[in-house]
């Protein structure tokens, strides 16, 4: 698997960029020389310089500092949303596929209802109900991800629950919980890992879209989508204000997609030789 993954040069390039973004986010306090929310009105909308590597924004705040701290916020929101959505979806899908019956029918109809809404629209609906903030964004994006994880795991559970090794485990007295975790869930990890990798960029984009619309992270917290929203009014005076966070979102999302595609190919048993 590692050899097949390593043959994909775009995936390796994307992985390097992801590691760079993660390093920037974790080491933001040490890599930045200005506080992300420190205002300097006298030096507002400055171009990139030695003191301000990416320039300053409309309030004189250092753009590089806000971009580095914004990476921490964006990755944190995306990872926690994917973790929450995956945990809930896996549990529901596992129970639905393994037991079936009325629980399966009710759960899948709820998943159908959630899937009927486009992702961003569903997140906007949830945010308009709960309000704005980090936890609300994580919850909204996580709920949007639940149906897909539930369907993936349910399909795997339906496929695996009648296999011989599951019947053998049941015959020797294994409990349903042990069978679901050890024999069904562990054999379903490949599609879960692939979709988790591919859902992180979707979570980043959705969180940035909510902040761009004013429904996400509250200012003055640095967040990439909020930075783009604030920079709209200054595109002519300082085009780099919208360029840097826009490129950060674009390259990060593209990198996760490259890695996700490579993992899908590497974990495909049909390609094993």
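The values are calculated or read from the model by the stated rules, or taken from the named source; none is laboratory data. Since this is a predicted model, take the numbers as computed values, not measurements. For neighbour counting, all protein chains shown are included, and Cβ atoms are generated from backbone atoms with ideal geometry for every residue, glycine included.
Can you confirm whether residue 206 is within 20 Å of residue 17 (Cβ to Cβ), under 9 Å from the mean Cα position of the chain (by Cα) and assigned to a helix (DSSP H, G or I)? No; evaluated as a whole, the condition is false for this residue. The set of residues in segment 115-128 that are touching a helix residue (DSSP H, G or I) at 6+ places or on another chain (Cβ under 9 Å), part of a helix (DSSP H, G or I) and free of Cβ contacts under 8 Å to residues at least 60 places away in the same chain comprises 115, 122, 125, 126. Of all the residues in segment 136-175, those that are assigned to a helix (DSSP H, G or I) and over 17 Å from residue 204 (Cβ atoms) number 22.
For segment 1-103, the helices (runs of 4 or more DSSP H) that sit wholly inside it and include 2 or more residues that are in contact (Cβ under 8 Å) with a residue 24 or more places away in the chain and within 30 Å of residue 123 (Cα to Cα) are 9-26, 63-99.
Scanning segment 232-254 for residues that are outside any loop (DSSP other than H, G, I, E, B) and free of Cβ contacts under 8 Å to residues at least 40 places away in the same chain, which turns out nearest to the chain's Cα centre (by Cα)?
Quick first cut of segment 232-254, residues outside any loop (DSSP other than H, G, I, E, B) only: 232-234, 240-254.
Retained after the next criterion (residues that are free of Cβ contacts under 8 Å to residues at least 40 places away in the same chain): 232, 242-243, 246-247, 250.
Details: 232: 25, 242: 22, 243: 22, 246: 17, 247: 17, 250: 14 Å.
The residue in question is 250.
Within segment 255-273, restricting attention to residues that are surrounded by fewer than 16 Cβ atoms within 10 Å (Cβ to Cβ) and in a helix (DSSP H, G or I), which residue is modelled with the lowest pLDDT? Don't jump to the end; show me each part of the working.
Keep residues of segment 255-273 that are surrounded by fewer than 16 Cβ atoms within 10 Å (Cβ to Cβ), which gives 268-273.
Among the residues that remain, those that are also in a helix (DSSP H, G or I) are: 269-271.
On the way: 269: 57, 270: 57, 271: 53.
So the residue we want is 271.
When residue 157 is tested against (1) in contact with a helix residue (DSSP H, G or I) (Cβ under 7 Å, 6 or more places away or on another chain); (2) free of Cβ contacts under 8 Å to residues at least 60 places away in the same chain, exactly one condition is not met: (2).
Can you pull out every residue in segment 184-203 that is over 14 Å from the mean Cα position of the chain (by Cα) and either within 20 Å of residue 139 (Cβ to Cβ) or surrounded by fewer than 20 Cβ atoms within 10 Å (Cβ to Cβ) (or both)?
Just the residues of segment 184-203 that are over 14 Å from the mean Cα position of the chain (by Cα), to begin with: 184-191.
Across segment 184-203, the qualifying residues are 186, 187, 189, 190, 191.
All conditions in (1) at pLDDT 90 or above; (2) closer than 22 Å to residue 247 by Cβ; (3) out of contact with any helix residue (DSSP H, G or I) (no Cβ under 8 Å at 6 or more places or on another chain) hold for residue 75, with the sole exception of (3).
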